[in-house]
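Report on the following structure.
What follows is calculated from the coordinates using simple rules that are stated; it is not laboratory data. As the structure is a prediction and not an experimental result, all values here were calculated from the model. Methodologically, a virtual Cβ is constructed for each residue, glycine included, from the backbone with ideal geometry; neighbour enumeration extends over all protein chains shown.
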Amino acid sequence: MFNKLKPKSEFSRNVLTLMTGTTIAQAIPIAISPILTRIYTPEDFGMFALYMSMASLVSVIATGSYEHAIMLPEKDRDAVNLVALSVLIAFFVSFITLLVVFFFNEKITNFLGNSEISSWLYFIPLTVLLTGIYQSFNYWSNRKKQYKRLATSRVAQSGTTVTTNLGMGFNGGGSSGLILGSIFGQVMATVVLGKSIFHRNPEILKDINKFKIMTLAQKYIDFLKFSTFSSVLNTLSFSLFSILISRVFTVSILGFYSLIYRILTLPSALIGSSISQVYFEESTSQKKQFGNNKKIFISTVQKLFLISALVYLPMYFYIEELVAFVFGENWRISGEIAYILIPLMFIRFVSSVMSSTLTTYEKQKSGLLINFILAFSVIIIFGIAHFYQLSMYQFFYLYVLIMSIWYTLFLIYYYGLAKGKDT
């Protein structure tokens, strides 16, 4: 009987493996969120969101986007050297980040408009380094279809993070409990994944060659030239959003938003990221074999729309009261924001997962344009909000409307690529 319930296709089995680990990893912090919202304030969550926004903005350039190329070479030897290249760049970028923070700490702090963030800026280089190394190991594991090791690392990260959150929270750690929890979690995930890789393939270090690294760096330089800038713009559209909320409104509003954003993007974290990784591997294989990946694209989109409907439609009717009940009446504003954001979350869940189609077809320039549109749109929306003095609610409605249109158009474009249309 249990054998009949097992997924038949390799795609479904791989998604299930990743999703199981990711579900456990995400379920842990969500389960303790009602506790966290009672031992941390909206200001604490806002400070954490501000730190992560700055760290994320730098982390996207940590590897020069070369980790995305790890899936592409025919030979594992080439892929290993791309991993080495990505890690080396991560060390370089984190060092440069440390110098920038050291010399420009005061100016950055003044720009952010929050003096408390000053001391935490020195931790950003560490976050950048850990992100770069983990992403490099992540793509190598994805290439080797070692989804169990990825799932294990995510559970280890989550467990470490929430343990730190609770321990420091109950001892009055304030925002430091949230920030250090994230850092310790990253350390644990990187160690667990790295140890698993080298334990299983101890010989891979022998394939690393300085000349080969330089050759591959040149061969896949478009990832550095276009994908890196594209990733910066993509992250900027999210990080800038958080930064500007804290400046245009208040850090408390950022706290309310960051909590509910974490909840609403849970389906993407639980399911979307797992489907995206497996879809990327399958779409790359189909393109090599057939010249297009239309079949897996359509199948994946159908699954995503169904999942999105099952998740977000019930939320739309009950989210406000549910948030107030679970997290406390003081967090009701988060529920009100969620009600506005849900239509955007619905379409973005589908579109974002399918965006890896750009990498499959090496459309770095298109990805750059798409992310420029997103980042520029955020700036325009905040400009309109400031000029017309929109309320917080009016601002979010405008944001949802404009961004939903864009994500729909992007999905249509991805489909054109999947059909083999050279757009």
Requested in this report: For a label point 7 Å from the Cα of Q389 along Cα→C-beta, name the residues of segment 223-259 whose backbone N is under 18 Å from it.
Outcome: 248-250
Query - Estimated distance in nm for a label pair at I402 and L306, the labels positioned 7 Å out from Cα along Cα-to-Cβ - result: 3.6 nm
**Report entry** Surrounding net charge for R332, when Lys and Arg each add one and Asp and Glu each subtract one, Cβ distance under 12 Å
**Finding:** -4
Report summary line: With V155 itself left out, Lys, Arg at +1 and Asp, Glu at -1 over residues whose Cβ is under 14 Å from its Cβ give +3
Query - Within the chain: Cβ-based charge dipole about Cα centre, in debye rounded to nearest 20 (Lys, Arg +1; Asp, Glu -1) - result: 1620 debye
**Report entry** Length added when fully stretched, A31-R200, from 0.36 nm per residue minus Cα-Cα
**Finding:** 57.5 nm
Query raised in the report: Separation of segment 39-65 and segment 357-374 by C-alpha centroid, Å?
Result: 24 Å
Query raised in the report: Along the charge dipole of the chain, which of I412, I373, F395 sits closest to the positive end, that is, farthest toward it, with unit charges on the beta carbon of Lys, Arg, Asp and Glu (+1, +1, -1, -1)?
Result: I412
Query raised in the report: Using the alpha-carbon centroid of each, what span in Å lies between segment 272-333 and segment 149-189?
Result: 25 Å
**Report entry** the chain, relative contact order in percent, only Cα pairs under 8 angstrom and at least six apart counted
**Finding:** 22 percent
Query raised in the report: Helix by helix, which DSSP H runs in the chain go 30 Å or more along their axis at the Cα atoms and have an average Kyte-Doolittle hydropathy of 0.5 or more?
Result: 10-39, 76-112, 175-200, 294-327, 332-354, 364-387, 392-418
Report summary line: Residue span K219 to Y316: 0.36 nm per residue of separation minus Cα-Cα distance leaves a gain in nm of 30.2 nm
Query raised in the report: Which of the lysines could a cross-linker bridge to K365, judged by Cα under 18 Å and excluding same-chain residues fewer than eight apart?
Result: K219, K225, K421
**Report entry** Enclosed volume per residue, in Å³, of the convex hull spanned by Cα atoms of segment 252-423
**Finding:** 107 Å³
